Structures are given as structure tokens and as C-alpha cells.
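Visitor: Have a look at this one.
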Amino acid sequence: MERKPFLTEVKMEKGAVIPPHKHPHEQTGYLVSGHMDFLVDGEHHIAKPGDSWNIAGMLNMARLRSRIGRGGSLLTRKGGLFAVLHAG
């Protein structure tokens, strides 16, 4: 079965955490508003509005301990809205 790309919009509340995970497909994201900290394959990233990212398939979005002590692979400090394109 052929996989087709799809786009998702994600709204997160302040302090929301997405648990560690990985996707089989490549994904590209764009932060519309808010502020996010996340780890991808052990590399720390901080995203501000207007930032974008690309994550290859099967890379680990690993656990992060942020400056405010929350665990998870992705942490929103101020809440936020982002869009992610998942490749097929």
C-alpha cells in the first residue's frame, strides 16, 4: 500500500509534553506560535515562532529534561501551534 504525505496542525497548552516516540516516515514541522524544546537523536533543539525543522524517519525523539524540570520528548513552555508534514 502506497503511503501519501499528510499535514497535521497541533495545538498544545503551556507545559504540555509529548512522550518519546519515532515515526517511520520523514516529517517537516513549522512553529506558528509558542516556544518548544525537544531532542532528536540526542540533539537538543529550541524552536521559536517562524522556525522549521526536518526529522528523518526512524530517528528517536528522546526524553528531555527541560529547565523547568518536565520530562518528555517535546515540551511547550508557552503553549503553541505548529504544523507537521508527514512524508508518505
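The values are calculated or read from the model by the stated rules, or taken from the named source; none is laboratory data. Predicted, not measured: the structure shown is a model, and the values here were computed from it. Heads up, the Cβs are rebuilt from the backbone with ideal geometry, glycines too, and the neighbour counts pull from every protein chain shown.
Visitor: Residues that are surrounded by 15 or more Cβ atoms within 10 Å (Cβ to Cβ), in a loop (DSSP other than H, G, I, E, B) and either among the polar types (S, T, N, Q) or modelled with pLDDT of 80 or more (or both): does region 58-66 have at least one?
Guide: Looking for residues that are surrounded by 15 or more Cβ atoms within 10 Å (Cβ to Cβ), in a loop (DSSP other than H, G, I, E, B) and either among the polar types (S, T, N, Q) or modelled with pLDDT of 80 or more (or both), one finds at least one in region 58-66, hence yes.
Visitor: If you don't mind, there's one more thing I want to ask. For the subset of region 67-88 comprising residues that are assigned to a loop (DSSP other than H, G, I, E, B) and among the hydrophobic types (A, V, I, L, M, F, W, C), which member is modelled with the highest pLDDT? Outline the logic, then answer.
Guide: At the first step, the residues of region 67-88 found to be assigned to a loop (DSSP other than H, G, I, E, B) are 67-73, 87-88.
Among the residues that remain, those that are also among the hydrophobic types (A, V, I, L, M, F, W, C) are: 68, 87.
Values: Ile68: 37, Ala87: 86.
Out of the qualifying residues, it is Ala87.
Visitor: Considering only residues of region 22-53 that are charged (D, E, K, R) and surrounded by fewer than 14 Cβ atoms within 10 Å (Cβ to Cβ), which is nearest to Ala83 (Cα to Cα)?
Guide: So, considering only residues that are charged (D, E, K, R) and surrounded by fewer than 14 Cβ atoms within 10 Å (Cβ to Cβ), the one nearest to Ala83 (Cα to Cα) is Lys48.
Visitor: Which condition does Phe38 not pass, out of (1) under 10 Å from the mean Cα position of the chain (by Cα); (2) modelled with pLDDT of 85 or more; (3) not acidic (Asp, Glu), if it passes all the others?
Guide: (2)
Visitor: Report, by residue number, each residue of region 1-36 that is touching a Gly at 6+ places or on another chain (Cβ under 9 Å) and charged (D, E, K, R).
Guide: Of everything in region 1-36, those that are touching a Gly at 6+ places or on another chain (Cβ under 9 Å) and charged (D, E, K, R) turn out to be Glu2, Arg3, Lys4, Lys11, Glu13, Lys14, Lys22, Glu26.
Visitor: Now, a different point. Cβ contacts < 9 Å: first residue in a loop (DSSP other than H, G, I, E, B), restricted to region 5-18; second residue among the hydrophobic types (A, V, I, L, M, F, W, C) and at pLDDT 80 or above, any location; separation 6+ or different chain. Result?
Guide: Pro5/Leu85; Pro5/Ala87
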